[in-house]
Every structure is written in C-alpha cells, then in structure tokens.
Amino acid sequence: MERKKSRVPRHQIEDSTESIQQFNNQQFNMKKVLFICHGNICRSPMAEFVMKHLVEEAGLNDQFEIASAATSTEEIGNPVYPPARRKLAEHGIGCEGKTARQMTRQDYAYYDYVIAMDHNNLRNLKRMFGEDTEHKISLLMDYTHRPGDVVDPWYTGDFEATWQDVSEGCQGLLTYLMER
C-alpha cells in the first residue's frame, strides 16, 4: 500500500509540535492557587482578585491560575459582599461575576497551594480533607512578617484592615512563589 504524502508542510508540523510542547510546559509550570475563607464572599475573593491584579501588573498571567472558595455552604451562589466589592473597587480592582462556592476534594487535588484566611479555616479544611499530606495548605499571613489570621470584616466591619492584611499577604505570597 502506498503511503500518502501529508498536505501539511513539514515545517508547519514541526511548529505545531513545538507549540504543543510549549503549552504543556506552561501548564506544568503554572502555579495554581486557591484562597479559602468561611463563606467566600469577603476575604477569599478579596485575596483572589488582589492576587490576580498583582500577577497581571507583573506580567505573569500565563504562569498563574487563581481562584477562591468557602469551607461552608452558607453563601453558595451569593456575590462578593458589597463592602468587600467596594474596597476592591477603591483600588481599581473588579470582581464582577464572582459567586461563592464550596471547596471540593477535586480542588485539593488540582491546586498547588490552598491558602486559608484564618485558623478556623485550617481546622475546617482538616475536618473536610484529613491530613494535608501534600503540604499544600497554609495561612495567607504566613507569607508576611506578622503571621496570624486575616481580620474577618464580617464580624469587625473593618474592611480597610482586611484590605491591608490581604494586600500584604498576597504580595508576600507572590514573592514566595516567584522564588520557587
């Protein structure tokens, strides 16, 4: 049987193969970050969109996948809480279309970094998923010079303090990830 010649020039096939390899390399090098708080309407979406903003400013969009989720089911489907949305907007950051969702087992498998806002979130994650055998889970403020919890504005009403914590934490996290 005679083999048919390809109608695609050899250099196009080689270029295509190279593009696929580059895409695969980008996928393997991509850092996948999931921010976690109780309801996914205040702190974790603030962190998600602050981090996306920092990554975009640094020209690193193709190196990151960033999202957020809740440990609870209380707010599923709800948009970002209006005062949190306003605080982001004050700094030129939008969060349109974001709705709360709960973290899943698939999220733990998929994301490289699961970043909790406070120790209660850590406890809930441990209850949901057991031990963190892959060492993916940490606190956002661990990437700053003042480890601890991100202030919860749901209880304090102080969205400025939360903004400060989230901004500092995300800047520290980005520095940490770029050094890896």
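The values are calculated or read from the model by the stated rules, or taken from the named source; none is laboratory data. All values derive from a computational prediction rather than experimental measurement. In this analysis, Cβ positions are derived from the backbone assuming ideal geometry, glycine residues included, and neighbour counts consider all displayed protein chains.
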Hey, any hits in the range 140-155 for a residue that's under 16 Å from SER68 (Cβ atoms) and polar (S, T, N, Q)?
no
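Rundown of residues vs (1) farther than 19 Å from LYS87 by Cβ; (2) among the β-branched types (Val, Ile, Thr); (3) at pLDDT 95 or above; (4) in contact with a helix residue (DSSP H, G or I) (Cβ under 6 Å, 6 or more places away or on another chain), yes/no style:
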{"residue": "THR144", "(1), (2), (3), (4)": "no, yes, yes, yes"}
{"residue": "VAL150", "(1), (2), (3), (4)": "no, yes, yes, yes"}
{"residue": "PRO153", "(1), (2), (3), (4)": "no, no, yes, yes"}
{"residue": "PHE159", "(1), (2), (3), (4)": "no, no, yes, yes"}
{"residue": "TRP163", "(1), (2), (3), (4)": "no, no, yes, yes"}
{"residue": "CYS170", "(1), (2), (3), (4)": "no, no, yes, yes"}
{"residue": "LEU177", "(1), (2), (3), (4)": "yes, no, yes, no"}
Identify, please: which residue in the range 47-69 is within 15 Å of the chain's Cα centre (by Cα) and not in a helix (DSSP H, G or I) and is, among those, surrounded by the fewest Cβ atoms within 10 Å (Cβ to Cβ)?
LEU60
Output for Cβ contacts, cut-off 8 Å, separation at least six or different chains, first residue touching a residue at least 40 places away in the same chain (Cβ under 8 Å) and surrounded by 15 or more Cβ atoms within 10 Å (Cβ to Cβ) in the range 117-146, second part of a helix (DSSP H, G or I) and hydroxyl-bearing (Ser, Thr, Tyr), reads MET117/SER44
Say whether the condition of being within 18 Å of the chain's Cα centre (by Cα), of a type in the set (D, E, K, R), modelled with pLDDT of 95 or more and within 16 Å of VAL33 (Cβ to Cβ) is met by at least one residue in the range 74-91.
no
Within the range 105-124, the residues that are in a loop (DSSP other than H, G, I, E, B) and over 14 Å from the mean Cα position of the chain (by Cα) are ASP118
Within the range 143-170, how many residues are in contact with a Lys or Arg (Cβ under 7 Å, 6 or more places away or on another chain) and of a type in the set (S, T, N, Q)?
1
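Against the condition charged (D, E, K, R), more than 16 Å from SER167 (Cβ to Cβ) and at pLDDT 55 or above, how does LYS32 come out, does it pass?
Here the answer is yes, as LYS32 does meet what is asked.
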If you scan the range 129-142, which residues turn out to be touching a helix residue (DSSP H, G or I) at 6+ places or on another chain (Cβ under 8 Å) and over 26 Å from THR175 (Cβ atoms)?
PHE129
Qualifying positions in the range 125-164 - within 18 Å of the chain's Cα centre (by Cα), closer than 17 Å to GLY39 by Cβ and outside any loop (DSSP other than H, G, I, E, B):
LEU125, LEU140, THR162
State all residues of the range 70-93 that are surrounded by 13 or more Cβ atoms within 10 Å (Cβ to Cβ) and either part of a helix (DSSP H, G or I) or not β-branched (Val, Ile, Thr) (or both); if no residue qualifies, say none.
ALA70, SER72, GLU74, GLU75, ASN78, PRO79, TYR81, PRO83, ALA84, ARG85, LYS87, LEU88
Selection from the range 98-119 of residues closer than 18 Å to ALA84 by Cβ and either out of contact with any strand residue (DSSP E or B) (no Cβ under 8 Å at 6 or more places or on another chain) or among the hydroxyl-bearing types (Ser, Thr, Tyr) (or both) yields THR99
